[in-house]
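Only one structure is covered here, and it is reproduced in the block below.
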Amino acid sequence: MDLKKELLQRFSFQNYTALQEDAWQNTSNYQIVISPTGSGKTIAFVIRALLHLQKHPDAKILILTPTRELAIQINDVIKQSRVEYSSLAVYGGNEFKREENQLAEGVNLVIATPGRLLDHMERGALQEVEFDMLILDEYDKMLEIGFHNELGQIVSYQEHWKKIILNSATKIEEIPSFINQYSFATNDYSKGNKPEIYKHLVMYEHEDKLEALRNVVLLHPEKKKIIFTTHRERAEMVYKYFHLLEFPCSLFHGGMDQRERERELIKFEHGSTTIMICTDLGARGIDIDDIEEVIHYQLPIHNDSLKNNADTHRNGRTGRMNKSGDVYYLLDDSKGIPDFLQGIEIIQEEATEAEIFAPYSTMYLPMGKKQKIRKMDVVGFFCKTGGISNKELGKITLKDNFTYVSVLSSHASKVKDKVDNQKIKNKKVRVSWCR
C-alpha cells in the first residue's frame with residue numbers, strides 16, 4: 001500500500017502542506033516542530049506515527065495533549081486515516097473502566113490528557129507497556145497551564161524513549177529538565193508562508209459593547225465565526241443575548257460537561273450554527289478549518305510577555321490550511337489601545353439589519369460503529385428513505401454508539417419526518433434533532 005497516496009485521498013487533500021510533506025522524509029528521533037496553528041501539524045505527526053508503525057506494527061505510541069477536545073479530534077484524524085492500527089482517546093469525563101479494559105487489551109496509539117493518563121499509570125494499567133514514541137502536542141500550552149510536573153512523571157515512567165516530538169505554535173525558549181538529556185533538532189515552520197489574517201480594531205462606548213458585537217457579527221452574516229471571552233459567565237451572557245436575536249450560535253466553556261461540549265462542537269462543525277461563543281478553552285480545543293472570522297469580545301488575560309501567545313492561539317482558529325481570515329478586537333473607547341494592538345486598522349461598525357441563517361440542520365441517530373453502521377449505510381438511508389440526493393446531505397460524524405447527520409435546512413424537516421422510525425440495516429431507528 002502506498003500510504004502517502006492513500007492518506008491524501010482519505011483526507012480529501014489536493015496536496016500536503018510543507019510541514020506534512022517533510023513528515024514523510026524526516027528521520028530525526030528527537031524533534032521540536034514549531035508551526036503556526038492551521039498548518040496541518042496534527043496530520044504531520046500522525047504521519048510520523050504511522051510510518052513508525054509500518055516498520056514496527058506492534059509498537060506503542062503515546063500522544064499527549066492539553067485538552068480532551070484535542071484528544072478526541074486527534075483520535076478522529078487517526079480513525080479517518082483508516083489504518084489497521086488501534087487507537088484510544090483517554091481523558092477525564094470518559095468512562096474510566098472502559099478505558100482501562102481497552103488499555104489492558106493493547107492499543108497502538110494512546111492519545112491522552114496528562115492527568116487522566118497518570119491516573120491509569122498509578123493504577124498499574126500501563127505496567128507492562130513500553131512506548132516507542134512520545135508526541136507532545138500543544139507542548140507550550142501544556143507547560144503554560146501547569147502540566148510541568150505531570151509531564152515529568154509521565155516521561156520518567158520509562159527509562160528511555162526512542163523518539164520524542166514536541167509540537168508548539170510558539171518558540172520554545174528552554175527544554176525542561178525532564179527531557180533535556182535528549183538532543184533535539186528544531187524545525188521552524190513559523191517563518192514560512194503565513195496565513196493571511198487581517199486584523200481590525202472596533203472602538204465602542206462603554207455601555208454599548210453587546211450592540212457593537214452584534215454589529216460586527218452582522219458585517220458578514222454569512223461567515224462562520226468564533227467569539228472569545230475570558231470568563232464563562234460572559235460567554236453565557238453573549239450566548240443568551242444572541243439567542244434573543246435568534247442568531248444560530250453554539251456555546252463552549254469549561255463549566256459544561258463533556259457531552260454538552262461535544263454536541264455544541266458538532267452543531268458548529270456541521271453548519272447547524274455559524275457562531276461559536278467560547279472561552280480560551282476554544283483557542284486550543286476547536287480545530288475546524290472553515291472558520292472565517294475571530295472576534296475578541298474580551299482581550300485575553302495574560303502577563304504582557306505572554307499576551308501575544310494567547311492572541312496567537314485565538315487568532316489561529318481562522319486562516320487555516322492556507323485560507324485567509326479576519327480578526328476583530330472590541331476595545332472600550334475610553335481606555336485606549338494596548339501596545340500589542342498598536343498600528344492595527346480601526347474600522348467603524350454601523351448598525352445594520354440582517355438575518356443569519358444556518359445552512360444545515362443536524363440530526364441524531366442512536367446507532368454507530370458498534371452497531372456495524374458505516375457512512376455509506378447512513379448516506380443510503382437518508383437518500384433512499386429521506387428522498388434526497390447527496391447534494392442535500394452535509395457532514396456525517398460516526399461515533400461508537402451514535403451518529404450525527406446534517407441536511408440542508410431547507411429540506412431538513414421533511415427529511416426527518418420520512419426517516420424517523422424507519423429501518424436502517426433492518427433496525428428501526430428514532431431520529432431526533434441535535435439540540
Item to check | Single residue of region 128-180 satisfying the filter (free of Cβ contacts under 8 Å to residues at least 40 places away in the same chain and among the hydroxyl-bearing types (Ser, Thr, Tyr)) that is farthest from Val110 (Cα to Cα) | outcome: Ser177
Checklist entry - So, of the residues in region 16-42 that are buried (at least 23 other Cβ atoms within 10 Å of the Cβ) and either without any contact (Cβ under 8 Å) to a residue 40 or more places away in the chain or of a type in the set (Phe, Trp, Tyr) (or both), which turns out to be farthest from Ser183 (Cα to Cα)? => result Gln20
Checklist entry - Of the residues Ile346, Ile396, which single one is part of a strand (DSSP E or B) and free of Cβ contacts under 8 Å to residues at least 60 places away in the same chain? => result Ile396
Item to check | Hits in region 270-282 (condition: surrounded by 24 or more Cβ atoms within 10 Å (Cβ to Cβ) and either within 21 Å of Ser39 (Cα to Cα) or within 12 Å of the chain's Cα centre (by Cα) (or both)) | outcome: Gly282
Checklist entry - Taking region 141-188 only, how many residues are hydrophobic (A, V, I, L, M, F, W, C), in a loop (DSSP other than H, G, I, E, B) and either touching a Phe, Trp or Tyr at 6+ places or on another chain (Cβ under 8 Å) or at positive phi (or both)? => result 4
Next on the checklist: Please count how many residues of region 40-94 are among the small types (Gly, Ala, Ser) and part of a loop (DSSP other than H, G, I, E, B).
Outcome noted: 6
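Checking the condition assigned to a loop (DSSP other than H, G, I, E, B), touching a residue at least 60 places away in the same chain (Cβ under 8 Å) and among the charged types (D, E, K, R), which residue from Lys199, Lys209, Lys223, Lys191 passes? Can you show your working first?
Numbers: Lys199 fails: assigned to a loop (DSSP other than H, G, I, E, B); Lys209 fails: assigned to a loop (DSSP other than H, G, I, E, B); Lys191 fails: touching a residue at least 60 places away in the same chain (Cβ under 8 Å).
It is Lys223.
Look through region 95-139, keep the residues that are assigned to a helix (DSSP H, G or I) and aromatic (Phe, Trp, Tyr), and return whichever of them is surrounded by the fewest Cβ atoms within 10 Å (Cβ to Cβ).
Step by step, filter region 95-139, then rank; the result is Phe96.
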Item to check | Complete set of residues in region 206-226 that are surrounded by fewer than 17 Cβ atoms within 10 Å (Cβ to Cβ) and under 21 Å from Lys323 (Cα atoms) | outcome: His220, Pro221, Glu222
Item to check | Matching residues, region 226-243, being assigned to a helix (DSSP H, G or I) and in contact (Cβ under 8 Å) with a residue 40 or more places away in the chain | outcome: Arg232, Arg234, Ala235, Val238
Next on the checklist: Is it the case, given these coordinates, that Leu166 is modelled with pLDDT of 95 or more and surrounded by 20 or more Cβ atoms within 10 Å (Cβ to Cβ)?
Outcome noted: no
Next on the checklist: What are the pairs with Cβ atoms under 8 angstrom where one residue, in region 364-385, is over 13 Å from Thr397 (Cα atoms) and the other, located anywhere, is surrounded by 14 or more Cβ atoms within 10 Å (Cβ to Cβ) and among the polar types (S, T, N, Q)? Sequence gap at least six, or different chains.
Outcome noted: Phe381/Gln422; Thr385/Gln422
Next on the checklist: Report every pair of residues separated by at least 6 positions or lying on different chains whose Cβ atoms are under 6 Å apart, first residue within region 257-280 and modelled with pLDDT under 90, second of a type in the set (Gly, Ala, Ser).
Outcome noted: Gln258/Gly93
Checklist entry - Can we say Gly319 is touching a Pro at 6+ places or on another chain (Cβ under 9 Å), touching a residue at least 12 places away in the same chain (Cβ under 8 Å) and not basic (Lys, Arg)? => result yes
Checklist entry - Name the residues in region 404-435 that are out of contact with any Lys or Arg (no Cβ under 9 Å at 6 or more places or on another chain) and polar (S, T, N, Q), would you? => result Ser409, Ser410, Ser413, Asn426
Checklist entry - Being closer than 21 Å to Asn75 by Cα, of a type in the set (Phe, Trp, Tyr) and under 26 Å from the mean Cα position of the chain (by Cα), is that true of even one residue in region 411-433? => result no
Item to check | Members of region 78-91 that are surrounded by 13 or more Cβ atoms within 10 Å (Cβ to Cβ) and at pLDDT below 90 | outcome: Lys79, Gln80, Ser81, Val83
Next on the checklist: Quick check on this structure: which one of Lys335, Lys372 is at pLDDT below 95, within 30 Å of the chain's Cα centre (by Cα) and not acidic (Asp, Glu)?
Outcome noted: Lys372
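Mind listing just one residue for me: the one in region 83-126 that is of a type in the set (D, E, K, R) and within 23 Å of Leu51 (Cα to Cα) and, of those, farthest from the chain's Cα centre (by Cα)?
Only one residue tops the list, namely Glu105.
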Checklist entry - So, of the residues in region 338-358 that are touching a strand residue (DSSP E or B) at 6+ places or on another chain (Cβ under 7 Å) and of a type in the set (D, E, K, R), which turns out to be modelled with the lowest pLDDT? => result Glu349
Item to check | region 1-39, subset part of a loop (DSSP other than H, G, I, E, B) and of a type in the set (Phe, Trp, Tyr), residue nearest to the chain's Cα centre (by Cα) | outcome: Phe11
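The values are calculated or read from the model by the stated rules, or taken from the named source; none is laboratory data. It should be emphasised that the depicted structure is a prediction, and the values quoted were computed from it without experimental measurement. Cβ atoms come from the backbone with ideal geometry, glycine included; neighbour counts cover every protein chain shown.
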